[in-house]
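Below is one structure, written out as structure tokens; comments come after it.
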Amino acid sequence: MNIGATGSAGENAALQMYLSKGFELVARNYQTRYGEIDIIVRNDRFLVFVEVKTRTRASYYKGYAAVNHSKKQKLFKTAFTFLKENKFKLQPRFDVVDILGHWLVVEDKEEFAVDQLNWYQNAITASDYDGYI
């Protein structure tokens, strides 16, 4: 299976986790010139910008490690753009969902099975931001 399909499968799993916890989907794959936010969800308190990192068993490191300084800056700038375009009176929060899984064949169809899902709430904070919009 290709990288895009693995990423999409991971995003689906992360979204289902948020929905099961009472969050509502606001946007998916929101793009600006700065970058993309995989999932944006909300509940009665938070507007959550979610970065999903999906890896297969063959990966040598956790997906969370890929959320480096440069990626954090892109996420902030993209989220600020979203907030300028959409008026929400909720506390913004940045989460990272790190998924480890594998592909399997079920009735001649490939499906992604999640082996481990790590949910890092408030994983990126204002102290991580050092730029200007």
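Since every read-out is calculated from the coordinates, none of them should be taken as a lab result. Being a predicted model, the structure only gives us computed values, none of them experimental. Neighbour counts run over all protein chains shown; Cβ positions are idealised from the backbone, glycine included.
Highest mobility in the GNM of the chain, judged by mean-square fluctuation with C-alpha springs under 10 Å and restricted to Val26, Val106, Val41, is found for Val106. Expressed as an acute angle from 0 to 90° and rounded to the nearest 10, what is the orientation of the C-alpha long axis of helix 69-85 relative to the principal long axis of the chain? Approximately 60 degrees, to the nearest ten.
Which whole-number percent is the relative contact order of region 3-125 (Cα, under 8 Å, 6+ apart)?
Working: 215 pairs, mean separation 29.2, N = 123.
In percent, rounded to a whole number, it is 24.
Neighbour counts of other C-beta atoms within 10 Å: give me Lys72, Lys87 arranged from fewest to most.
On the way: Lys72 20, Lys87 6.
In order of increasing Cβ crowding within 10 Å: Lys87, Lys72.
Over all distinct Cα-Cα pairs of the chain, the Kirkwood formula returns a hydrodynamic radius of 15.4 Å.
Tell me, Tyr120, Tyr18 in order of fewest to most beta-carbon neighbours within 10 Å? Provide the component values of the computation, followed by the final result.
Values: Tyr120 16, Tyr18 20.
So the residues, fewest neighbours to most, are Tyr120, Tyr18.
Here's how it looks for Phe94: its modeled amide H is under 5 Å from those of Phe49, Asn122, Ala123, Ile124, which are all 5 or more places away or on a different chain. Other residues whose C-beta falls under 13 angstrom from the C-beta of Asp130 contribute a net charge of +2, scoring Lys and Arg +1 and Asp and Glu -1. Computed from point charges on the beta carbon alone (+1 for Lys and Arg, -1 for Asp and Glu), the dipole magnitude for region 11-133 about its Cα centre is near 600 Debye.
For a quick check: sort Leu104, Leu47, Leu75 by the number of other beta carbons within 10 angstrom, fewest at the front.
Working: Leu104 10, Leu47 20, Leu75 24.
By the 10 Å Cβ count, ascending, the order reads Leu104, Leu47, Leu75.
Please report how far the C-alpha centroid of region 16-53 lies from that of region 59-133, rounded to the nearest whole angstrom. Here the answer is 9 Å between Cα centres.
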